[in-house]
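Notes follow the structure.
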Amino acid sequence: MAASPFERLRLKGVGKSFAGPGGPVEVLRGVDLTLNAGEFGVITGPSGSGKTTLLMVAGLLQHPDCGEVWLDGREVSALGEGERTRLRKETVGMVFQQFGLLPQRSALDNVRFRFRYLDVPRRRAEELSRAALERVGLSHRAAHAARLLSAGEMQRVGIARALALPPRLLLADEPTGNLDSEAAAGIMELFRELNGEGMSILLVTHNREWAEGGGRHWVMREGRLQE
């Protein structure tokens, strides 16, 4: 499942703060990052260093307080919420540490959830969802309730959901954090395969070993990013 054409993701001087008991807490401090078409980038760093916030800003889930976010040559951080939501759904696939599945619903239903509020015919959405499950090796589990799947299988359903509407950019936040070593290795191998097919990937993790699977490696410390 190859990625659609993608130019680059670029963050320029991005800053982000959150309210704290003693006043604003600066989480991102002038972050610059460029991920080009077909690259596999890995961001490592300790917990609390700002990795997840960076990914939320890159994925258009949070507004930066300052700086710019560019996607495919377009400055997108200043867009209105409705347009940001549409662009995110059509452009970015996201995978999280918490699988975010509906436990009583089937694997197929959970993948089809990717198409909510999108103008995609139901039959086409099911075709794409089944193809995504097959891509992650779970076509035989399509009818199983999510609660009956292993942790590794749940994460693969989450990845299939992100891939069902083929994204131009795949963002992953600690996707192996809740998995045993064998399942985690399988997920990383899947990411490498997707990148080999041309998909652009930005992975956030505290595990420096996974940086070996990427083409580029950044380290986040106290809200600052260094390559």
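The values are calculated or read from the model by the stated rules, or taken from the named source; none is laboratory data. None of the values given here were measured: they were computed from a predicted structure. Backbone-built Cβ (ideal geometry, glycine too); neighbour counts: all protein chains shown. Ligands, DNA and RNA are excluded from the accessible area calculation, which covers all protein heavy atoms including side chains. Shrake-Rupley method; radii C 1.70, N 1.55, O 1.52, S 1.80 Å.
Looking at the chain, the pairs of alpha carbons with a distance over 30 Å make up 22% of the total. Averaging Cα coordinates gives a centre for the stretch 129-180 and one for the stretch 39-65; these two points are 21 Å apart. What translational D, rounded to a whole number of µm²/s, comes out for the stretch 67-117 from Stokes-Einstein when the hydrodynamic radius is the Kirkwood one over Cα pairs, at 4 °C and 1.567 mPa s? It diffuses with D of about 99 µm²/s by this estimate. In order along the stretch 44-57, the phi-based Karplus estimate (6.51 cos²θ - 1.76 cosθ + 1.60, θ = phi - 60°) of 3J(HN,Hα) comes to 10, x, x, 4, x, 7, x, 4, 5, 4, 4, 5, 5, 5 Hz; Gly and Pro are listed as x.
For TRP218, nonlocal amide neighbours, meaning residues 5 or more places apart or on other chains whose placed amide H falls under 5 Å from its own, are VAL42, ILE43, THR44. In order along the stretch 112-117, phi translates into HN-Hα couplings of 4, 4, 4, 9, 4, 6 Hz, rounded to whole numbers, per the Karplus curve 6.51 cos²θ - 1.76 cosθ + 1.60 with θ = phi - 60° and x for Gly and Pro. Taking each DSSP H run with n ≥ 4 as -39500 (n - 2.57) and averaging over every residue of the chain yields -9500 deg cm²/dmol at 222 nm.
Here the accessible area of the chain is 48 percent carbon and sulfur, with a 1.4 angstrom probe and all protein chains present. Relative to the current alpha-carbon distance between ALA131 and ARG74, full extension at 0.36 nm per residue lengthens the span by 17.5 nm. With each label modelled as a point 7 angstrom along the Cα→C-beta vector, the ASP32-GLU222 pair spans 2.0 nm. Cross-link candidates for LYS16: which aspartates and glutamates have Cα within less than 19 Å, leaving aside residues fewer than 8 places away along the same chain? Answer for LYS16, where 19 Å is the Cα cut-off: GLU26, ASP32, ASP65, GLU68, GLU75, GLU81, ASP173, GLU222, listed by chain and number.
In this structure, the amide hydrogen of PHE96, modeled 1.01 Å from its nitrogen in the peptide plane, lies closer than 5 angstrom to those of ASP173, counting only residues at least 5 positions away or on a different chain. Across the stretch 195-200, rounded Karplus estimates of 3J(HN,Hα) from the backbone phi angles (6.51 cos²θ - 1.76 cosθ + 1.60, θ = phi - 60°) give 5, x, 8, x, 6, 7 Hz, Gly and Pro being marked x. The length gained by stretching the chain between LEU102 and SER181 to full extension, at 0.36 nm per residue less their Cα-Cα distance, is 26.0 nm.
In this label model, GLU81 and ARG116 are separated by 1.6 nm, measuring between points 7 Å along each Cα→Cβ vector. For the stretch 128-212, applying the loop criterion from DSSP together with a ceiling of 15 other beta carbons within 10 Å to the GluC sites (Glu not before Pro) yields GLU197. With the simple model of a label 7 Å out from the Cα in the direction of the Cβ, HIS206 to VAL25 spans 1.4 nm.
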